[in-house]
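Report on the structure given below.
The values are calculated or read from the model by the stated rules, or taken from the named source; none is laboratory data. Quantities reported herein were computed from a predicted structural model and do not represent experimental measurements. Cβ atoms come from the backbone with ideal geometry, glycine included; neighbour counts cover every protein chain shown. Surface accessibility is based on the protein's heavy atoms, side chains included, excluding ligands, DNA and RNA. Shrake-Rupley method; radii C 1.70, N 1.55, O 1.52, S 1.80 Å.
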Amino acid sequence: MEGQEGTQQPHLVLSHKLFLLTHPDVQDIEKVNLREEVLASVKADDMAPLYEALTGNSLLDLDRSVLDSMRAKNEEELKKLDEKIADAEENLGESEVREAHLAKSLFFIRIGDKDRALEQLKVTESKTVAVGLKMDLVFHTLQLGFFYMDFDLISKSIEKAKNLFEEGGDWERKNRLKVYEGLYCMSTRNFKKAANLFLDSISTFTTYELFPYDTFIFYTVLTSIISLDRVSLKQKVVDAPEILTVIGKVPYLSDFLNSLYDCQYKSFFSAFAGLTEQIKLDRYLHPHFRYYMREVRTVVYSQFLESYKSVTIKAMANAFGVSVEFIDLELSRFIAAGKLHCKIDKVAGVLETNRPDSKNALYQATIKQGDFLLNRIQKLSRVIDL
């Protein structure tokens with residue numbers, strides 16, 4: 001399960017294929033090919049526990065002879081691993097004992113036995129002294145968590161890793177953890193924190209076991225667009241050399257980013273439409289597809305309206321290359337949801353912006369907090385007088 005530099009962890013490649021197998025938008029002919037690829041991967045690693053689970057969910061057809069063959073190979077390999085552990089405990093040092101237990105942990109991970117893998121990782125940790133090596137075990141646990149999309153396991157593992165860093169730990173592993181945490185935040189709809197973590201990791205990215213670098217840039221741009229203000233987006237994303245060298249490899253992504261910043265709204269909507277399929281078919285972003293689409297539209301509509309005190313609906317529709325009816329319906333929904341600060345004059349066909357006065361809002365907040373503080377002081381004085 002250990003990813004090599006520049007190579008995505010095979011189990012996470014497999015998890016994406018399994019996700020596509022259950023996706024309603026994937027064509028049946030594609031699913032036939034995916035099913036063959038999944039079965040080939042399962043057979044190659046003798047993943048008997050995972051094969052049983054997949055046949056139970058009807059994602060694969062059960063072949064009893066294939067299952068029996070994989071089980072036999074698993075039992076044979078497990079026996080060898082146990083013998084190696086026994087030999088290390090009797091004849092070798094602590095380092096060799098740890099390595100033997102680690103090999104058994106990786107075996108359970110490889111065959112898709114989650115419970116026994118987690119149990120064996122705990123045993124391996126008990127044999128581990130160095131903080132760096134303990135961190136590596138956490139990364140194995142995190143990869144398991146992302147394979148099964150077990151967010152409770154991921155969250156606890158990230159907290160565990162942070163606690164380990166208080167004991168020590170190198171910068172390379174700390175930077176890797178930022179990407180893992182960023183992926184967790186993105187997967188749980190905390191896009192702002194995900195963007196900050198991804199941006200912090202652009203120049204130090206080594207987490208190829210999770211995804212390729214171009215996928216990392218894809219996630220970074222998507223999360224940044226709905227999280228950063230215009231100035232920060234320019235400094236950290238639009239002009240970032242690391243992003244500029246890769247962004248062209250991802251279809252529509254460059255147009256998506258640059259047309260938004262350059263206020264080329266027709267081009268933006270065209271690129272936006274091109275990206276929707278990629279977002280919808282991403283296992284981490286798919287659950288948040290509708291939410292993300294709304295947030296992006298909020299950003300672009302707000303940016304357009306900031307330039308005007310009032311503007312005709314027709315002018316806005318022309319700017320975005322859509323019909324007046326479409327933009328009218330869109331804006332009505334966003335205004336009702338409190339996402340846009342403007343109102344529609346249907347008779348005149350005009351949009352009037354009513355951006356909140358930030359100074360007035362700050363004044364009101366100060367008054368409110370002051371009243372709260374005075375009430376607390378009065379209550380405290382009564383207690384003291386008693």
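A few remarks follow.
- Taking segment 287-313 as the range and being of a type in the set (S, T, N, Q) and part of a helix (DSSP H, G or I) as the test, the residues that pass are Thr298, Ser302, Gln303.
- Among the residues here, Phe151 qualifies as surrounded by fewer than 18 Cβ atoms within 10 Å (Cβ to Cβ), under 20 Å from His11 (Cβ atoms), out of contact with any Lys or Arg (no Cβ under 7 Å at 6 or more places or on another chain) and of a type in the set (Phe, Trp, Tyr).
- Of the residues making up segment 201-239, those that are touching a residue at least 40 places away in the same chain (Cβ under 8 Å) and over 26 Å from Tyr291 (Cα atoms) number 3.
- Among residues of segment 25-81, those that are more than 16 Å from Asp113 (Cα to Cα), hydrophobic (A, V, I, L, M, F, W, C) and touching a residue at least 60 places away in the same chain (Cβ under 8 Å), counted: 1
- Looking across segment 123-175, the residues that are closer than 29 Å to Phe19 by Cβ and either of a type in the set (A, V, I, L, M) or in a loop (DSSP other than H, G, I, E, B) (or both) come down to Met135, Leu137, Val138, Leu142, Leu144, Met149, Asp150, Leu153, Ile154, Ile158, Ala161.
- Residues in segment 128-155 that are under 16 Å from the mean Cα position of the chain (by Cα) and not aliphatic (A, V, I, L, M): Phe139, Gln143, Gly145, Phe146, Phe147, Tyr148, Asp150, Phe151, Asp152, Ser155.
- Total residues in segment 31-78 satisfying the condition of being of a type in the set (Asp, Glu) and open to solvent by 70 Å² or more (accessible area, probe 1.4 Å): the figure is 7.
- Residue tally, condition free of Cβ contacts under 8 Å to residues at least 12 places away in the same chain and over 26 Å from Asp229 (Cα atoms), over segment 172-196: 1
- Among residues of segment 103-129 that are open to solvent by 50 Å² or more (accessible area, probe 1.4 Å), those with a Cβ under 6 angstrom from a residue that is among the aliphatic types (A, V, I, L, M) and outside any helix (DSSP H, G or I), sequence gap 6+ or separate chain, pair up as Arg110/Met1.
- Once segment 89-102 is narrowed to residues that are open to solvent by less than 50 Å² (accessible area, probe 1.4 Å) and in a helix (DSSP H, G or I), the residue that is nearest to Leu12 (Cα to Cα) is Leu102.
- Screening segment 295-333 for residues that are loosely packed, with under 15 Cβ neighbours inside 10 Å and among the charged types (D, E, K, R) and picking the one that is nearest to Asp255 (Cα to Cα) gives Glu306.
- Yes/no for Thr223 being at pLDDT 90 or above, part of a loop (DSSP other than H, G, I, E, B), of a type outside the set (Gly, Ala, Ser) and open to solvent by less than 10 Å² (accessible area, probe 1.4 Å): no
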